[in-house]
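Q: Below: one structure in structure tokens.
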Amino acid sequence: MSAARTLRLYNTLSRTKEDFVPIDPSRVRMYVCGPTVYDLAHIGNARPVIVFDVLNRLLRHVYGRDNVIYVRNITDVDDKINARAAERGVPIRELTEETNAIFQADVRALGCLDPDVQPRATEHIAAMIAIIEKLIAAGNAYASQGHVLFSVPSMADYGQLSRRSLDEMVAGARVDVAPYKRGDMDFVLWKPSKDEEPGWDSPWGRGRPGWHIECSAMSWKHLGETFDIHGGGIDLVFPHHENEIAQSRCAFGHNVMANVWMHNGFLQVEGEKMSKSLGNFRTIREVLGDWQGEVARLTMLKTHYRQPIDWTTASLRDSKKELDRWYSVASQFASTEDMLSPEFEAALSDDLNTPEAITHLRRLYTEANEGVAYAGARLAASGKMLGLFQHDLAAWNGWRPASAGIDELAVHRLIKARIEARNEKNWAESDRIRDELVGMGIQIMDAKDSVTGELSTNWQVKR
Ligand code: AMP
Ligand code: ZN
């Protein structure tokens, strides 16, 4: 490990910045709550993805590429998913597959590395049932009318993460009073499914998991009973993360679930809360149609991750100008990680102070133009640590905004239909679909186990 410098991270649990000390420096473990795949992800959802991608890159740099394991789950069972699939008249699996494929393409276009593992909730039902059984056996949960609930009063120190008063918690959890609940704060671990709803057999009948238990199960399976870092947006502190902690600690009997809890602040658009009714709702797709992924990325990182961010066109425009200038210099240098600017690295190691790190990129750019030795190589190396400079200069300069109005879901469906036609050796249909896609401006490329469509951003559909 090349930990010349101590990494300091703000821990929501202690409300202080702490020296980061991994449980096992040869296996640094991070879990981040991922998307619920029922609709296109919006630019607010991109914030945790980008922030924790930068942390993943930094951890890999400090502890070694193979000594970090980053897990980001896919929530593919949820009542919002059921409702949307019914609304659109498509099978649930089709909706979640499509939405996830688009999410993956979007976040790659934002320059994010794939996490090491992306577990799906529907593939971890047995682990969820196992945890629920442990909780019942320990007296922390009870079955009632086909439901299983976590008994909040059974845990003496419930509420350590959010530090809320009971009244605030009741309000924050939008508590439903229900006949099957013993206490107001008790939350659902398992609930019964009607015939038309997705469900799995369990000791409590056919049903499906609550949201919180999903992350306790997936983090346990892939990272163990306790691990180093757990992340997500600030809105997840309560009730989601508080309840994950309750479940995992009570099931496994440890004082902590994760040592460090990190939360990004919220994103608003041009000074207002992003919402469909205000007309300022932006999907990642829409942003990527207008701007290169790295422009969106730099814009996101100019604000410290714990601060609220105001997403504006002016800020995107500034980022584009800066990146155009930096690319012209950075692209001239081959760089390696040991060429990082020490000041840049110090800023990043101080609770991911990306705004300060970016100030150092600006200084390096100026110095490179003044002929200061190493400044260009340091700019290239440091920018790469933030996930910038992933393209060559020609590709960067050749980028053009995509023509608006492409229906991404329709494209995805056509690609799927074409795969099916090819599997059935229906070449005429396969060619017809290819021509339809070409007509929409999408070029198809077949590979052994996937099909890629080139647009402004890359698509990939697994066979
Ligand atoms: P969701 O699909 O709503 O569960 O959100 C996925 C992730 O995006 C979670 O980590 C949320 O905290 C985060 N998130 C949602 N909306 C915003 C926003 N406006 N700004 C920043 N993060 C957000
Ligand atoms: Zn979660």
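Q: Could you pull out every whole DSSP H run in the chain that spans at least 20 Å of Cα extent along its own axis and averages 0.5 or higher on the Kyte-Doolittle scale?
A: Values: long enough: 46-63 (25 Å, 0.59); 92-109 (26 Å, -0.34); 313-330 (25 Å, -0.96); 354-369 (23 Å, -0.75); 408-423 (23 Å, -0.31).
Those that pass (Cα extent of 20 Å or more, hydropathy at least 0.5) are 46-63.
Q: Let me ask something else. On a straight-distance basis, which lysines could pair with residue 194 in a cross-link, Cα separation under 16 angstrom, same-chain partners fewer than 8 positions away excluded?
A: Cα-Cα hits under 16 Å: 80.
Q: For segment 100-169, what D do you get in µm² per second when you plug the Kirkwood radius from alpha-carbon pairs into Stokes-Einstein at 10 °C and 1.306 mPa s?
A: Estimated diffusion coefficient is 100 µm²/s.
Q: So which of 273/384; 134/181; 17/273; 273/302 end up more than 22 Å apart by C-alpha? Kindly include the intermediate steps, with their values, before the conclusion.
A: Details: 273/384 31 Å; 134/181 19 Å; 17/273 28 Å; 273/302 19 Å.
In this structure, 273/384; 17/273 lie more than 22 Å apart at Cα.
Q: Give me the accessible area per residue for the chain, probe 1.4 Å, as a whole number in Å².
A: Roughly 43 Å² per residue, with all protein chains present.
Q: Also, I was wondering about something else. Can you work out D for the chain in µm² s⁻¹ from Stokes-Einstein, where Rh is the Kirkwood radius over C-alpha pairs, the temperature is 10 °C and the viscosity is 1.306 mPa s? Write out the running numbers ahead of the final one.
A: Values: Rh = 23.9 Å.
The diffusion coefficient I find is 67 µm²/s.
Q: Sequence neighbours fewer than 8 away in the same chain don't count; with that in mind, list the aspartates and glutamates whose C-alpha is under 14 Å from residue 320.
A: 290, 294
Q: For the chain, what is the relative contact order in percent, using Cα pairs closer than 8 Å and at least 6 residues apart in sequence? Could the numbers behind the result be given before it?
A: Numbers: 738 pairs, mean separation 77.0, N = 463.
Computed over the chain, the figure is 17 percent.
The values are calculated or read from the model by the stated rules, or taken from the named source; none is laboratory data. In this text the structure is predicted, and so the values were computed from the model without any measurement. SASA here: full protein model, heavy atoms, side chains in, ligands and nucleic acids out. Shrake-Rupley method; radii C 1.70, N 1.55, O 1.52, S 1.80 Å.
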